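Student: Before I ask anything, let me first share the structure, which is written out below as structure tokens.
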Amino acid sequence: MKKYIWAARATIVVAGAALLTKGVLPHEILFGRAGTGELSRELLHDEESPIHQLADSLHEQPAEIAPPPPQQPIVRSFQHAVRKGATFNSLWREIGGDVDDVTAVLDALKDSGVNAGSLRVGEELAVTQLNGEVIEVRKKQGENATVILTRDDHGSYAVKVDKLKVISKERRVTGTIVSSLGDSATGLEIPFSLVDDFVDLFSNRVEFTKDIQPGDSFTVIYEDRVSEDGERLAPGVIKAASIQLSGKMLAVVRDVSKDGTVRYFDEKGSMPTKAFLRYPLKYSRISSMFAFSRFHPVLKISRPHNGVDFAAPLGTPVRTVGDGVVVQAGYGSSTGNVVRIKHNDRYTTEYMHLNSIGKNVRKGARIGRGDVIGTVGRTGLASGVHLHFGLFDKGKYVDPMKAKIMDSPSEIRPPAAVIAMIEDLKKTHAAVNVASVRSNAKKKA
Ligand SMILES: [Zn+2]
């Protein structure tokens, strides 16, 4: 927005200068006779000079009064974010487009298969104007395409979609944890979304906020994706991951069978069936976690706290930790917006103080593991923005950070490639171990 204001001011000043040259004052006063420039410098230095007075008065006037003369092309480029409640018409006007051209623009978009109604609030448009007329608008589409609307000299509009190639390469990274998994991953340029996926893969066997020690190592093999012009895109899936906790290695290897079925195998080559997720929030969004706040900060009384409180920013998506059926979704005076999900005959989970509940999350609805059911808030009796997460085993509260809620492994034998990958990961961690033993020995010496 700032840029926009400055650009508008620049237009006023240039337009003002244009008026000065165009006849309000003789051309010679500004630029001097025969190119000496002496007169102009004198006049410009004198505060009382007619040029200054005129320039001051021009400053007060709105831009419309001083249209730029055609012989001086003024190119202006700026970013414009789509505002809430904007229609295509209002948006087109806001960026300086001619209202009479709306139909022509919509037709051009339609001819190229671009949906004009797909604009989202906050989406950025790169606009270029020539002498106040919109001549180009660019908008990113998806992760690797740009929609370009152009206006030619005759005033007709055309749209093309520029698509960049996506270059996808397997990346293998091994790291040692110094303080936290997140820090180590950042240092190795592993994107946050991948750290979240990594945590979810080991979700039921590792409590990442507690079990990780400095010196533990991890390996992740994933699809690194870059667009043709070098921009880093969202990473692809994790093909294999391992973590060595105090000398014990855990691994998960992904396998896609010939018929397209995706399976994951652990380091023993067995295939755990769908486990619960450990965290109802993505790992990278959790700012703190506290399980035993005995004194209720709002009620000011002590009461059993049947859950884990996760602090996370307002509006952070909350996901259900397992497949199940919604048994409650609505508002309660102390719980605030609450969702309860029954997963099977034993387990039920609950999610409280939600800022909002997902549209399709209604009593009786089927929900899949990882589905977003609402957002973090502070509704009901909540002293601050947080998610209260509870797990019940046959109606009795259990600690969700300790519960082992995984079904028994299935009998499917891993393919040879998976076995080879597990061996490979074991070797990698053994090598990290040797290296860290050596460096410890060095430190002692
Ligand atoms: Zn709580």
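Values in this text are rule-based calculations from the coordinates and carry no lab data. Only a predicted model underlies this, so the values are computations on that prediction, with no experimental measurement involved. Cβ sites come from the backbone with ideal geometry, for glycine too, and all protein chains shown count toward neighbours.
Student: Evaluate the distance, in nm, between pseudo-label points positioned 7 Å from the Cα of V434 and of Y331 along their respective Cα→Cβ axes.
Tutor: Each label point lies 7 Å from its Cα, and together they span 6.4 nm.
Student: Calculate the FRET efficiency for S287 and K165 from the Cβ-Cβ distance with a Förster distance of 41 Å, rounded to the nearest 0.05.
Tutor: 0.60
Student: Would you mind calculating the gained length between I74 and E133 on full extension (0.36 nm times residue separation, minus the Cα-Cα distance), in nm to one decimal?
Tutor: Once the chain is fully extended between I74 and E133, it gains 20.3 nm.
Student: Using just the C-alpha positions of the range 128-182 as equal point scatterers, what log10 of I(q)/I(0) does the Debye formula give at each q in 0.14, 0.16, 0.19, 0.24 1/Å?
Tutor: With one equal scatterer per Cα and no solvent, log10 I(q)/I(0) is -0.59, -0.65, -0.78, -0.95.
Student: Here is a follow-up. Report the semi-axes of the equivalent ellipsoid for the range 283-398 in whole Å, largest first, where each axis is √(5λ) for an eigenvalue λ of the Cα gyration tensor.
Tutor: The equivalent ellipsoid of the range 283-398 has semi-axes of 21, 16, 13 Å.
Student: Net charge near G330: determine it from the other residues with C-beta under 14 Å of the C-beta of G330, scoring Lys and Arg +1 and Asp and Glu -1.
Tutor: Here the count lands on +3.
Student: Give, as a single signed number, the net charge of other residues whose beta carbon lies under 13 Å from the beta carbon of L250, with Lys and Arg counted +1 and Asp and Glu -1.
Tutor: Residues near L250 contribute -1 overall.
Student: Calculate how large, on average over all directions, the projected area of the Cα convex hull of the range 75-163 is; give the answer in nm² to one decimal.
Tutor: On the way: hull surface 21.7 nm².
For the range 75-163, the mean projected area of the Cα convex hull comes to 5.4 nm².
Student: Take a quick pass over the range 75-163 and tell me how many lysine pairs come in under 17 angstrom between Cα atoms, counting only ones 8 or more apart or on separate chains. Spell out each step's value before the answer.
Tutor: Details: K110/K139; K110/K140; K110/K160; K139/K160; K139/K163; K140/K160; K140/K163.
Value for the range 75-163: 7.
Student: Continuing with the same structure: If we restrict to alpha carbons, what Rg and Dmax does the range 127-250 come to, in Å?
Tutor: Gyration radius and largest Cα-Cα distance of the range 127-250: 21.8, 72 Å.
Student: Give the calculated FRET efficiency between R366 and S156 to the nearest 0.05, with a Förster radius of 56 Å applied to their Cβ-Cβ distance.
Tutor: E between R366 and S156, to the nearest 0.05, is 0.65.
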